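J.: Pasting a structure below so you can have a look.
The values are calculated or read from the model by the stated rules, or taken from the named source; none is laboratory data. Bear in mind that the values here come from a model prediction, so they are computed numbers and not experimental data. When we count neighbours, we look across all protein chains shown, and the Cβ atoms used for this are built from the backbone with ideal geometry, even at glycine.
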C-alpha cells in the first residue's frame, strides 16, 4: 500500500463531490461552464472530487448527481447584467435560476434536480454558479469578459472546497 492510499473505512468517509460544467462550446460564451471544468482539470484536486463536462449528457444528469454529498454546477445564465457578471445560487433559488437560464440543455439540469428531489435523493448541498454571457452566436471561444469570469468562478469553487 502506498503512502497516499487510504484504508477503505477512511475512503468511505470522504465526501462525494461533483463539479458539473454545462454549456455548448459551439455557441461562444454558452460554453462557459465547460471551460470552468477545463480550468479545474488543471488544478490538483483530491480524488474524491469528480469533474464532469455535462454539455452533451442531459439525459444522464440525475444519475451523475445521485449519491453525492455536494454538487457544484457552472453554466451561462442570462440575468440581464453586464457580460461576465458572476452569480451564485443555492437550491432554494432554483425557480429564479430557471427564469434566467439561457442554455439549451438547462432543462436537463432542472429536470434532474426535480427528479432527485421527487425521489428523495437530492444531494444535500447544491450550488450553482452562473456567468452572464456576452455573445451566444455560433462560434467557438469565449469573449474576454466571460473568459475572465470563468477564472473567477474557478477560484470561487476552490474557495467553496477550501482548496487554494
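J.: Could you check region 128-164 and list, in sequence order, the residues that are in contact (Cβ under 8 Å) with a residue 24 or more places away in the chain, farther than 13 Å from residue 33 by Cα and under 17 Å from the mean Cα position of the chain (by Cα)?
T.: Within region 128-164, 156, 158, 160, 161, 163 qualify.
J.: Which of the numbered conditions does residue 78 fail, given that it passes all the others? Conditions: (1) over 13 Å from the mean Cα position of the chain (by Cα); (2) modelled with pLDDT of 95 or more.
T.: (2)
J.: Filter region 11-59 down to the residues that are assigned to a strand (DSSP E or B) and out of contact with any helix residue (DSSP H, G or I) (no Cβ under 9 Å at 6 or more places or on another chain), then identify the one that is nearest to residue 143 (Cα to Cα). So that I can check it myself, show each step before the final result.
T.: The initial filter retains those residues of region 11-59 that are assigned to a strand (DSSP E or B), namely 17-21, 27, 49-53.
Pick out the ones that are also out of contact with any helix residue (DSSP H, G or I) (no Cβ under 9 Å at 6 or more places or on another chain) and you get 17, 27.
Working: 17: 29, 27: 11 Å.
Among those that are assigned to a strand (DSSP E or B) and out of contact with any helix residue (DSSP H, G or I) (no Cβ under 9 Å at 6 or more places or on another chain), it is 27.
J.: Here's a check for you: in region 100-127, which residue that is outside any helix (DSSP H, G or I) and at pLDDT below 90 is surrounded by the fewest Cβ atoms within 10 Å (Cβ to Cβ)? Spell out how you get there, then give the answer.
T.: Initially, region 100-127 is screened for residues outside any helix (DSSP H, G or I), giving 101-105, 119-127.
Checking the rest, the ones that are also at pLDDT below 90 come to 101-105.
Values: 101: 19, 102: 19, 103: 25, 104: 14, 105: 20.
Filtering region 100-127 for residues that are outside any helix (DSSP H, G or I) and at pLDDT below 90, the one surrounded by the fewest Cβ atoms within 10 Å (Cβ to Cβ) comes out as 104.
J.: Scan region 148-156 and give yes if some residue there is at pLDDT below 95 and not in a loop (DSSP other than H, G, I, E, B), otherwise no. Give the derivation first.
T.: Just the residues of region 148-156 that are at pLDDT below 95, to begin with: none.
No, that holds for no residue.
J.: Tally the residues that are out of contact with any strand residue (DSSP E or B) (no Cβ under 9 Å at 6 or more places or on another chain) and under 21 Å from residue 69 (Cα atoms), restricting the search to region 9-42.
T.: So the answer is 6.
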